[in-house]
Amino acid sequence: MPYKMKNGKYRAHKMIDGRRKTKTFNTKKEAKEWEASQKEFQPEIRTESLAEWATAYLDMAQDRFSGQTYEEKRTVFRLFFQMVDKNMKAQNLTPQDAAKFLGAQARGRSGHAANKDRKNLMAAWSWGVKYMGLPESNPFKAVDPYPEKRQPRYIPSPEHMEKILENEIGEVYVFLLTMLHTAARRGELLRLRWDDLDFERRTIRLSTRKRKGGTLEYDHIPMTEELREVLIAHKQQASSVYVFCREDGQPYTARQHLMKRVCKRNDVPYFGLHAIRHLAASIMDRAGVPTATIQGILRHKSRATTDRYLHQLRGVQADLNQVFGNKGKVLDIKKASEG
């Protein structure tokens with residue numbers, strides 16, 4: 001607010017970027033108008049197009065995230081640019097544009113799918129704010145999440161898993177047994193190399209990108225005696241540096257259809273590979289393994305994430321060999337080299 005000086009003039013003042021600016025005027029009106037005209041410094045917003053933003057973000061994602069995560073993000077942008085002009089300047093994108101796209105995904109696919117798209121696009125925009133000077137107001141965050149009707153993940157019974165392990169042979173048998181005994185993620189087993197196995201110390205080194213920043217991190221998981229013997233037998237047939245690979249020695253990229261075939265030929269309800277990880281957690285929980293130990297095997301950073309995996313009450317303590325070891329019925333180790 002201007003104030004009157006002893007000489008009858010009016011001094012206006014305004015703080016701009018932490019510095020005080022002043023100027024004198026003959027009238028109070030002029031002083032007030034000057035104060036109103038003084039604005040805080042506004043950084044210039046760069047004018048990248050949506051396509052340039054998406055390309056830069058996906059380049060980063062390809063370097064930092066797993067192949068599966070990268071493909072998920074790339075698919076979101078492909079769908080997004082079917083409805084929104086990719087040449088639009090990024091700062092011109094509005095919450096209404098975001099809501100139109102996400103609403104179409106909710107109606108055409110599901111609320112869950114729309115929310116996954118929303119999460120990916122929110123993350124992409126936040127990255128653009130930090131590295132490309134996009135407006136801080138995130139248009140995707142302004143859209144409320146959509147209601148979801150998610151079916152609970154089907155977790156196979158131990159009996160169904162045992163039936164599969166009894167009937168499967170060769171590399172498929174070894175792959176599924178390894179997944180059960182380590183509670184590994186699919187990608188971790190697809191990356192598994194023979195030098196990740198230490199048969200003397202009975203450990204398996206698993207690599208994951210499921211951490212902040214997408215850095216590839218390693219964890220050592222105990223190897224049960226049964227799994228150790230099966231993997232040693234499987235190694236006799238090795239033709240690659242990868243433990244699980246195609247006939248040409250190249251690693252698998254997804255194996256997304258494996259369990260459809262396995263469940264069908266064993267006449268059990270369909271479940272995916274990730275459900276085996278849940279089953280392993282449930283078996284350990286039922287055997288009384290402490291939650292902290294289960295969290296370590298699952299390699300969760302958060303205890304709350306581990307709790308979501310557990311479905312039974314806790315009992316007495318048991319180690320992995322007691323949990324997954326022989327219980328009156330030994331699976332033929334020779335199956336590891338059959339097929």
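Each reported figure results from applying straightforward, stated rules to the coordinates on display, with no laboratory input. Predicted, not measured: the structure shown is a model, and the values here were computed from it. Positions of Cβ are backbone-derived with ideal geometry, glycine not excepted, and every protein chain shown enters the neighbour counts.
Some observations on this one:
- Here the Karplus curve 6.51 cos²θ - 1.76 cosθ + 1.60, taken at θ = phi - 60°, turns the phi angles of the range 225-240 into couplings of 5, 4, 5, 4, 5, 5, 5, 4, 5, 5, 5, 5, 9, 5, 10, 7 Hz, with x standing for Gly and Pro.
- As a rough guide to protection, the peptides 275-283, 21-29, 120-128, 96-104 ranked by mean Cβ packing within 10 Å, highest first, stand as 275-283, 120-128, 96-104, 21-29.
- The range 27-157: relative contact order in percent, alpha carbon pairs under 8 Å with at least 6 residues between: 27 percent
- Per-residue extension of 0.36 nm, minus the Cα-Cα distance of Gln82 and Lys301, leaves a gain of 75.1 nm for this segment.
- Scoring 194-204, 222-232 by mean Cβ neighbours within 10 Å over their residues and listing the highest first yields 222-232, 194-204.
- The amide H of Ser49, built 1.01 Å from its N in the peptide plane, has Ala90 as neighbours under 5 Å, considering only residues 5 or more places off or on other chains.
- Modelled spin labels at Gln236 and Lys260, positioned 7 Å past Cα toward Cβ, are 3.5 nm from each other.
- R0 of 41 Å, Cβ-Cβ distance Asn167-Asp63: FRET efficiency to nearest 0.05: 0.45
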